[in-house]
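Values quoted throughout were computed directly from the atomic coordinates according to the rules given, and no laboratory measurement underlies them. Predicted model, so just to flag it, every value in this text is computed and none were measured. Don't worry about glycine lacking a Cβ; one is built from the backbone with ideal geometry, like all the others, and counts go over all protein chains shown.
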């Protein structure tokens, strides 16, 4: 798999709600991603809701050989657009069937169960074993081929692995936010793919020499350096930057080349921007959240 994937969240309308202003432009970006060598796409029933999954199906069906779509279930949207946990077993099953219908697929290559373990205040009264058990049943029926977790704490990952093989975990992790560092270490130990969401966190760091130094030396953008650092941080990492801009898409894919151009010293300085030993499951402060939002807007 190409270790630079594509996060499709930004293809929905404003606030990830409803359709985009130009659906055909969104479909063109998805096709361009395949042309650029992207083989891994990230999406969720909650994007739209269901809007992005339908765009993916319209743009890519029949799916090219080797292309994998990772879809998240267990989360939904309130009538006001709020993000909510919807992890009851019957809802998980329904969302898998909806995703297959929306994308026109016979089976899901990868379905994540969305948890709240990396988001303070996001709780569920449904035992993990029940919601995850629904995905295990669907895999036995041939409707899901691989199972992943999104927003997993180290404890949740350990509980899940006692039930079933876990192919991938998607947690917060980037230059500013290392809250997923213990889960990343666990994924490395057990051969699980780690997919950091919100991988572009360059907004607050554009003036930091650790980022501007390699950016200037290589003639690359800060976003490319941030993605390249993630790829160098661990061989378990697959990044999923999202954008609706074709130029940004091409630049993101080129981050795989940049990873090989960074020196070990540059990687070490970037890693040292955050004390990872104190970062486990910490809530980012507001300035960090503002930087993440700015980075997302910049690369829309």
> What share of the DSSP beta bridges in the chain is antiparallel, in percent to the nearest 5?
Replying inline: 10
> By how many degrees, 0 to 90 and rounded to 10, does the Cα axis of helix 23-35 deviate from the longest principal axis of the chain?
Replying inline: 70
> By how many degrees, 0 to 90 and rounded to 10, does the Cα axis of helix 209-218 deviate from the longest principal axis of the chain?
Replying inline: 80
> What is the Å³ per residue value for the convex hull set by the Cα atoms of the range 24-68?
Replying inline: 64
> Using 0.36 nm per residue, how much length does the chain from residue 107 to residue 250 gain when fully extended, once their Cα-Cα distance is taken away?
Replying inline: 48.6 nm
> Using alpha-carbon positions, what is the distance between the centroids of the range 1-43 and the range 233-268, in Å?
Replying inline: 17
>> Restricting to DSSP H runs of at least four residues, report the calculated mean residue ellipticity at 222 nm for the chain, -39500 (n - 2.57) per run over all residues, nearest 500 deg cm²/dmol.
In response: -12500 deg cm²/dmol
> If the viscosity is 1.306 mPa s and the temperature 10 °C, what Stokes-Einstein diffusion coefficient in µm²/s follows for the range 1-46 when Rh is the Kirkwood radius over Cα pairs?
Replying inline: 141
> What is the percent of Cα-Cα separations in the range 1-146 that go past 26 Å?
Replying inline: 23
>> Treating the range 64-187 as a set of equal point scatterers at the Cα positions, no solvent, please give the Debye-formula log₁₀ I(q)/I(0) at q = 0.11, 0.20 Å⁻¹.
In response: -0.36, -1.17
> Assuming R0 = 30 Å, what is the FRET efficiency of residue 189 and residue 145, from their Cβ-Cβ distance, to the nearest 0.05?
Replying inline: 0.80
>> Need one number: the % of Cα-Cα pairs in the range 6-298 sitting beyond the 36 Å mark.
In response: 11
> Mean projection of the alpha-carbon convex hull of the range 1-78 over all orientations, in nm²?
Replying inline: 5.0
> By how many degrees, between 0 and 90 and to the nearest 10, does the Cα long axis of helix 222-233 differ from the longest principal axis of the chain?
Replying inline: 70
> Using a Gaussian network model of the chain with C-alpha springs under 10 Å, which one of 171, 45, 245 is most mobile by mean-square fluctuation?
Replying inline: 245
